[in-house]
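**Q** Dumping the structure here so I can ask a few things about it.
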Amino acid sequence: MNTMKYLLKYLATAFMVVSIASFSSIAKCEDPHHEDEHHEDEHHEDEHHEDEHHEDEHHGDEHHGDEHHGDEHHGDEHHGGDIELQVINGHIVTNKRVYAAELGEIAPNEVDEPGFDNSTGTFSAGSNIGFSIVDSLREWDGHDFETIANETMSVHFGTSLGPVTTPDQPSVVSGFGLPVSDEGEWHRHYDFVLNAPAETGIYLLQLQLSSDDPEVQQTAPFAIVFNQNESELNHDAAIEFAELQFNQNIPEPSALLLISLGLALLSTRVGRKRG
């Protein structure tokens, strides 16, 4: 009897062990499916994060595009590349002395850059700003601009004004005037045309601006170095030479302001001594 009880107890224990083992096996068989679902959930979350990241990138691209349009708007406000004008101590002053341009940009042998621009209120409304050509057209010979070109250059304003053409021999040729806006601005673009034979080369045109306002004096001469189908390397060399020549002889706007302040201070001291 006792033996039977022990046997039954052993069989029951063995059955429980087998049942537990079987349950574990089933659970293990079900776990991979559960893990797959878990991985799918993780994959779904990853896709969701990727979608969010993609949207963020898309918004970033849109923001970058907005910044780009902002730059364009900023460029429009300042008319990048134009000759900037100020009035300092009663004189029209350009922001540089030498500028560069590429002929052929709007038509063969022609360009309408650089233009002229200034801040609101620089000039008197209703006044006129005009130009003069102050020398013959010069051609770069690889070393300097001593050579008078075989070509001439003409300055137009659309089809209504001009041409005003460079002289064959060094002299001053008066041009035409254009009105200042009611806001005191003068944003203008002349058409510069290289006349026949219009050979390949680099040409230097010297100009001067003036106002019919008696309170405003003319600029110092400044130059535009035009490239007619020459290499940029040669164009750059010619520009550098012109900059050295002009900057040696003509003070910068900041220097003019300092000179004027110095003269004012000197006159004040002289007046005190006399008093």
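The values are calculated or read from the model by the stated rules, or taken from the named source; none is laboratory data. Values in this document were obtained by computation on a predicted structure and should not be read as measured data. Note that each Cβ is placed from the backbone with ideal geometry, even for glycine, and that neighbours are counted across all protein chains shown.
Okay, residues lined up against (1) of a type outside the set (Asp, Glu); (2) in contact with a helix residue (DSSP H, G or I) (Cβ under 7 Å, 6 or more places away or on another chain); (3) closer than 13 Å to Ile224 by Cα:
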residue: Ala101; (1), (2), (3): yes, no, yes
residue: Glu105; (1), (2), (3): no, no, no
residue: Asn109; (1), (2), (3): yes, no, no
residue: Ala125; (1), (2), (3): yes, no, no
residue: Asp135; (1), (2), (3): no, no, yes
residue: Glu139; (1), (2), (3): no, no, yes
residue: Gly142; (1), (2), (3): yes, no, no
residue: Thr147; (1), (2), (3): yes, no, no
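**Q** Which ranges mark the strands (runs of 3 or more DSSP E) fully within region 116-229 that have 3 or more residues being under 30 Å from the mean Cα position of the chain (by Cα)?
**A** 116-118, 128-133, 153-157, 173-179, 191-194, 201-211, 222-228
**Q** Checking the conditions here, which among Asn195, Asn128 is touching a Pro at 6+ places or on another chain (Cβ under 8 Å) and of a type outside the set (Gly, Ala, Ser)?
**A** None of the other options fit; the residue is Asn128.
**Q** Considering only region 102-115, state which residues are assigned to a strand (DSSP E or B), in contact (Cβ under 8 Å) with a residue 60 or more places away in the chain and surrounded by fewer than 19 Cβ atoms within 10 Å (Cβ to Cβ).
**A** The answer is Glu102, Glu110.
**Q** Still on this structure, I have one more. Could you list, in sequence order, all residues of region 91-142 that are within 19 Å of Thr165 (Cβ to Cβ) and polar (S, T, N, Q)?
**A** Those that are within 19 Å of Thr165 (Cβ to Cβ) and polar (S, T, N, Q): Asn109, Ser132, Ser136.
**Q** Would you confirm, using the coordinates I've provided, whether Pro221 is farther than 23 Å from Asn109 by Cα and either touching a Leu at 6+ places or on another chain (Cβ under 6 Å) or free of Cβ contacts under 8 Å to residues at least 24 places away in the same chain (or both)?
**A** Spelling it out, it is not the case that Pro221 is farther than 23 Å from Asn109 by Cα and either touching a Leu at 6+ places or on another chain (Cβ under 6 Å) or free of Cβ contacts under 8 Å to residues at least 24 places away in the same chain (or both).
**Q** Of all residues being surrounded by fewer than 18 Cβ atoms within 10 Å (Cβ to Cβ) and at pLDDT 95 or above in region 116-131, which is nearest to Gln206 (Cα to Cα)? Just the residue, please.
**A** Gly130
**Q** Also: Filter region 190-219 down to the residues that are within 14 Å of Tyr99 (Cβ to Cβ) and of a type in the set (A, V, I, L, M, F, W, C), then identify the one that is surrounded by the most Cβ atoms within 10 Å (Cβ to Cβ).
**A** This residue is Ile202.
**Q** Among Pro221, Pro214, Pro253, which is the only one that is at pLDDT below 95 and closer than 24 Å to Gly175 by Cβ?
**A** Pro253
**Q** Is it the case, given these coordinates, that Ala149 is without any contact (Cβ under 8 Å) to a residue 60 or more places away in the chain, in contact with a Gly (Cβ under 6 Å, 6 or more places away or on another chain) and among the hydrophobic types (A, V, I, L, M, F, W, C)?
**A** no
**Q** Could you count how many residues in region 122-176 are of a type outside the set (S, T, N, Q) and closer than 23 Å to Gln86 by Cβ?
**A** Total meeting the criteria: 12.
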